[in-house]
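Have a look at the structure below, then the notes.
The values are calculated or read from the model by the stated rules, or taken from the named source; none is laboratory data. A quick note: this is a predicted structure, and the numbers were derived from the prediction, not measured. Cβ atoms come from the backbone with ideal geometry, glycine included; neighbour counts cover every protein chain shown. Ligands, DNA and RNA are excluded from the accessible area calculation, which covers all protein heavy atoms including side chains. Shrake-Rupley method; radii C 1.70, N 1.55, O 1.52, S 1.80 Å.
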Amino acid sequence: FRLLLSTNRYSLSAIPMCGRFAFYSPHEAVTRLFGVAGVADIEPRWNIAPTQYIAAVRAGDEGRHAIAMLYWGLVPSWAKERSIGARMINARGETLREKPSFRNAYRRRRCLVLADGYYEWQRSGGVKQPFFISFTDGEPFGMAGLWESWKDPASGEPLESCCIVTISPAASVAHVHGRMPVIIPAEARAEWLDATNTDADRLDRLLVPWAAAGLVARAVSRRVNDARNQGAELVEPLGSPQDHA
């Protein structure tokens, strides 16, 4: 697989909650932590934006977990056009049971979006400062996601798309933003991905803010505001005044 780049430029004012993240871990680490193959062909990215294709783990054949490249922006099976996905990159965990766009996927089509960290913006006066939120040990993690299959009514072209589930933030990052993606801990990944598990009460118990230690938010360069910018320097903590430019 290769991550496909969008030519769209997301302006800072258009960035929604949980609207950017990074995934660049070596494939050996992802294979070890998530038990999936096919990671080696995924291009490292430090500034992933909506409407691009992103790496996710989901249930595969014979109970195995598999990597899939999914369009970021969920397009429900009943949608008339693909463009609806650009408005559905996130799903609020508190209302998954109720929303027609998400409730069926919540019961039957869940995934883990692979990430090394995600970006959020904190407003200070007239400036929005980006923060990179990740684990202090540098390990990648799985963000709770939902996926759907859709077929273009005009061309018949199929599309598999996804969104990221959000919840109220953990105490360690609440000063940055009022929402965060649901991070599924290692011991609950199998339960989240189990397509035969349609018990919403069990699933709801997984939709909680990250409670364990290790999650940290670091201010980073505002170069991340432009989705065309890439490179490991985007996730480096600010160290000098010029880093803010």
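So here's what we get for this one:
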quantity: Magnitude of the charge dipole, region 160-245, Cβ model with Lys/Arg +1 and Asp/Glu -1, debye to 20; calculated: 360 debye
quantity: Charge dipole (debye, nearest 20) of region 83-204; +1 at Cβ of Lys and Arg, -1 at Cβ of Asp and Glu; calculated: 500 debye
quantity: Relative packing of peptides 205-217, 66-78 - highest average C-beta neighbours within 10 Å first; calculated: 66-78, 205-217
quantity: Cα gyration tensor, region 61-155 - rounded (a/c under 1.5), prolate or oblate; calculated: oblate
quantity: Candidate lysines for bridging to Lys80, where Cα separation is under 23 Å - those fewer than 8 sequence places away on the same chain excluded; calculated: Lys99, Lys151
quantity: Over region 113-152, relative contact order from alpha-carbon pairs under 8 Å, at least 6 apart, %; calculated: 45 percent
quantity: Computed [θ] at 222 nm, deg cm²/dmol, the chain (DSSP H ≥ 4; -39,500 (n - 2.57); rounded to nearest 500); calculated: -2000 deg cm²/dmol
quantity: Mean Cα-pair separation over length for the chain, i.e. relative contact order, pairs under 8 Å, 6 or more apart, %; calculated: 21 percent
quantity: Exposed-site-free run, longest, the chain (rule: GluC sites (Glu not before Pro); DSSP loop; at most 16 other C-beta within 10 Å); calculated: 99-245
quantity: For region 72-86 and region 183-207, distance of Cα centres in Å; calculated: 24 Å
quantity: Distance (nanometres) between label positions extended 7 Å along Cα→Cβ at Asp199 and Arg32; calculated: 3.3 nm
quantity: Chain lengthening between Leu159 and Ser124 when straightened (0.36 nm per residue, less Cα-Cα); calculated: 8.7 nm
quantity: Nearest-20 debye value, the chain charge dipole, Cβ charges on Lys, Arg, Asp, Glu; calculated: 760 debye
quantity: Exposure ranking of Arg218, Arg87 by accessible area [1.4 Å probe, largest first]; calculated: Arg87, Arg218
quantity: Residue among Leu112, Pro169, Ser134 farthest towards the positive dipole end of region 86-231, charges placed on Cβ; calculated: Pro169
